[in-house]
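To keep things clear, I will list the structure first and then write my remarks on it.
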Amino acid sequence: MTDMRDELRSLFSAITGRDADGVWSAPGRVNLIGEHTDYNEGFVLPFAIDRRTLVAAGLRDDSLIRVASTFSDDVVELPLPDLAEAQRDGHLQGWAAYPLGVAWALGEAGADLSAVRGVDLVIDSNVPVGAGLSSSAAIESSVGVALAELWNLELDRPALALVGQRAENEAVGAPTGIMDQSASLLGRPDAAVFLDCRSLETAIVPLGLAEAGLTILVIDTGVKHEHSTGGYRERRASCEAGAAAMGVSSLRDLSVEDLDLARTMLDDVTFRRVRHVVTENQRVLDTVQALRSAGPQAIGDLLDASHRSMRDDFEISVPELDLAVETAQQNGAVGARMTGGGFGGAAIALVAEDAVSRIQVAMDGAFAEHGFDTPDTFVVRPSEGAKREP
Ligand code: GLA
């Protein structure tokens, strides 16, 4: 991290000819449990990971916002007062739509973009892209905390999460929920963020992984997904149709006991989508309770059940994710599931610390046997949310 910060400061100077005013960072996230529940006003339990996006930022003497990054040669610039029009006309494109979208959404949240000073942003990241670990929320959250501080905006973390979500929904065009930005902004070391996506109330739930001799392994299958298109949007629409057919404003209002009635009122596919969300909400509540009363060793069955529900009812898994989960389970994982929006990306496994290398070897072997590309398997640690770097 120190190296990344120093390198980024040097890059900022090389690009702008002056020193940055500061470096801010925000992490990617792993969702422990609670998938496709956020936009149904339900419960989620993600944690921030030790992979971060860094942004070096410096105020300018004019009104331009200028963004550069280590992952593209493009430097994109725009007068801040023109952002609203550019957003309306769909001119925020590519990776720059994330940081520019955040500046735009800050304007919508009350920042006066015709009065604030222009800013240079240079971004670097070690959150893998396309792995379902929220590299996009990490950009949004790091840029959000940087601009909020530089522009002296009175926005707390939950408000910044909404700003990031708005950038994602309206500038990038992905109809996602509030989970990823919340995890990236509110995460704490060794803990998960329990979020009620209706009230936006949060509680920090200690995970106690080290005390239990456990760790979380991410298995990035390398299968790429995109949430602005296809399956994610379709699942969201099914959930909304299911809620409407059941006469509730969101699936949050249904409990496991309502499923018998739902079965008689919904077509088979919609029923299974609804059953996933309703049972997943209950699994999140059960996981929080199990963590508090018995620790991480007690949540394995809930993780496994969550995966089955996504595979069979919500149908968002892919063969590579199923193989990763099965391989972890067969090699002694406490529990395993795909994480994130699905249709690719990563699975997680809760495993004993001393089983990590054995499971990595087993994973490579199983993927080779099935003719799949070797996955990227690595440990993640629950880490601190967005912050200004020293
Ligand atoms: C993506 C979205 C989140 C959430 C998950 C599924 O990560 O960004 O808002 O909906 O998918 O749980």
Checklist line | Nearest 10 degrees, 0 to 90: helix 319-330 Cα axis against the chain principal axis | finding: 60 degrees
Notebook entry, point to check: Build a GNM of the chain with springs between Cα atoms under 10 Å: which of Phe194, Phe271, Phe71 gets the top mean-square fluctuation?
Noted result: Phe71
Margin query: What is the angle, in °, between the Cα long axis of helix 268-294 and the longest principal axis of the Cα atoms in the chain? Nearest 10 is fine, range 0 to 90.
Written below: 80 degrees
Margin query: What distance in nm separates the two pseudo spin-label positions at Gln93 and Ala210, each 7 Å out from Cα along the beta-carbon direction?
Written below: 4.8 nm
Note to self: What would the Debye equation give as log₁₀ I(q)/I(0) for region 339-387 at q = 0.13 Å⁻¹, counting only Cα atoms as equal point scatterers?
What the structure shows: -0.40
Notebook entry, point to check: Could you state the principal axis extents of the C-alpha atoms in the chain, from the largest down, to the nearest angstrom?
Noted result: 61, 50, 41
Next item on the list: Please name which of Val284, Gln87, Ser125 has its Cα lying farthest along the dipole of the chain towards the positive end, using unit charges on Cβ (Lys, Arg +1; Asp, Glu -1) and the Cα centre as origin.
Entry: Val284
Checklist line | 15 Å beta-carbon shell around Asn152, net charge (K/R +1, D/E -1) | finding: -3
Next item on the list: In debye, nearest 20, what is the charge dipole magnitude of region 2-203 about its Cα centre with +1 on Lys and Arg Cβ and -1 on Asp and Glu Cβ, if you could check?
Entry: 260 debye
Next item on the list: Give the long-range amide H neighbours of Leu64: residues separated by 5 or more places, or on another chain, with amide H under 5 Å away, using H modelled in the peptide plane at 1.01 Å from N.
Entry: Leu80, Gly118, Val119
Next item on the list: Using θ = phi - 60° and the Karplus relation 6.51 cos²θ - 1.76 cosθ + 1.60, list the HN-Hα couplings for region 244-251 in order, rounded to whole Hz, with x at every Gly or Pro.
Entry: 4, 5, 8, x, 10, 6, 8, 5
Check: If we count every other residue with Cβ under 14 angstrom of Ser141's Cβ, Lys/Arg +1 and Asp/Glu -1, where does the sum land?
Finding: 0
Item checked: Prolate/oblate/rounded call for region 215-318, Cα gyration tensor, a/c under 1.5 rounded -> oblate
Notebook entry, point to check: Helix-derived [θ] at 222 nm for the chain: sum -39500 (n - 2.57) over DSSP H runs of at least 4, divide by residue count, nearest 500?
Noted result: -12000 deg cm²/dmol
Next item on the list: Count the DSSP beta bridges whose two residues both fall in the chain, then state the antiparallel fraction as a percent rounded to the nearest 5.
Entry: 90 percent
Next item on the list: Please give the per residue accessible area of the chain, computed with a probe of 1.4 Å over protein heavy atoms only, in Å².
Entry: 39 Å²
Next item on the list: Could you state the angle between the C-alpha long axis of helix 356-369 and the longest principal axis of the C-alpha atoms of the chain, as a value from 0 to 90 degrees rounded to the nearest 10?
Entry: 80 degrees
Notebook entry, point to check: Fully extended, how many nm does the chain gain between Ala237 and Ser10 (0.36 nm per residue separation, minus their Cα-Cα distance)?
Noted result: 77.1 nm
Notebook entry, point to check: How big is the charge dipole of the chain about its Cα centre, in debye rounded to the nearest 20, if each Lys and Arg gets +1 on its Cβ and each Asp and Glu gets -1 on its Cβ?
Noted result: 380 debye
Notebook entry, point to check: Given Leu207, Ala352, Phe271, which one lies farthest toward the positive end of the charge dipole of the chain, if we put +1 on the Cβ of every Lys and Arg and -1 on the Cβ of every Asp and Glu?
Noted result: Leu207
Notebook entry, point to check: Bin by bin, in steps of 10 Å, what percent of the Cα pairs in region 2-203 do you find, going until the bin that has the longest distance?
Noted result: 10, 38, 36, 14, 1
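The values are calculated or read from the model by the stated rules, or taken from the named source; none is laboratory data. Quantities reported herein were computed from a predicted structural model and do not represent experimental measurements. In this analysis, Cβ positions are derived from the backbone assuming ideal geometry, glycine residues included, and neighbour counts consider all displayed protein chains. Quick note on the areas: whole protein, heavy atoms, side chains included, nothing else; ligands and nucleic acids left out. Shrake-Rupley method; radii C 1.70, N 1.55, O 1.52, S 1.80 Å.
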